[in-house]
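Asks: Got a structure for you, written out below as structure tokens; questions coming shortly.
The values are calculated or read from the model by the stated rules, or taken from the named source; none is laboratory data. Keep in mind it's a predicted model, so treat the numbers as computed, not measured. Heads up, the Cβs are rebuilt from the backbone with ideal geometry, glycines too, and the neighbour counts pull from every protein chain shown.
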């Protein structure tokens with residue numbers, strides 16, 4: 001009789017121990033997968049995304065490589081030569097003008113997009129250079145040479161202005177080699193102020209205009 005009771009106690013003990021071990025094992029697996037939460041969001045399937053984080057879902061169609069990418073048609077020309085081509089063409093602020101770039105391409109440009117930035121952007125003529133318009137500004141009381149290069153209208157008014165009157169024509173009447181701009185930028189290499197001697201007379205090479213495509217190309 002004692003042996004029977006002992007066997008029952010052993011079986012009950014083994015069964016209880018098995019159930020406890022099973023509960024502990026399930027708890028460990030659940031916590032590893034879901035953490036201490038009943039929602040178990042960590043156990044949800046990972047959404048398919050692109051390797052680079054994007055704001056939109058990664059549902060864009062596959063790229064079509066049969067369509068050729070547009071060609072890079074920007075032209076390259078020295079800054080002084082670009083200004084010279086514009087002046088020689090009549091220095092209009094609305095009409096396009098043509099020039100030949102350093103690669104021999106026939107190109108066209110305009111004042112607003114291509115010429116005006118040469119007077120308004122810093123670090124363009126050489127590293128650390130000020131914009132031309134920072135010294136040649138609208139306030140004639142402090143503007144260098146009483147010249148405003150911040151706007152097209154200001155440049156038309158010329159230099160050495162007195163009492164709001166029109167000053168010296170800096171464009172040479174459209175004859176580039178006779179203009180004050182040519183003298184200061186190319187001959188004397190005086191401008192922009194502080195220009196290092198190693199900067200060539202033609203100035204830095206800049207991207208400007210677009211190549212004129214011939215018919216059939």
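Asks: Residues in region 147-170 that are in a helix (DSSP H, G or I) and farther than 25 Å from residue 94 by Cα: how many?
Replies: Residues that pass the stated criteria total 0.
Asks: Restricting to region 171-205, count the residues that are over 18 Å from residue 124 (Cα atoms) and in a loop (DSSP other than H, G, I, E, B).
Replies: Total satisfying the criteria: 4.
Asks: Given the structure, is residue 199 surrounded by 15 or more Cβ atoms within 10 Å (Cβ to Cβ) and at pLDDT 95 or above?
Replies: Taking the combined requirement at face value, the residue does not satisfy it.
Asks: Being in contact with a strand residue (DSSP E or B) (Cβ under 6 Å, 6 or more places away or on another chain), assigned to a loop (DSSP other than H, G, I, E, B) and exposed (fewer than 15 other Cβ atoms within 10 Å of the Cβ) is the filter here, so list the residues in region 97-124 that pass it.
Replies: If the condition is that a residue be in contact with a strand residue (DSSP E or B) (Cβ under 6 Å, 6 or more places away or on another chain), assigned to a loop (DSSP other than H, G, I, E, B) and exposed (fewer than 15 other Cβ atoms within 10 Å of the Cβ), then 102 is the only one that fits.
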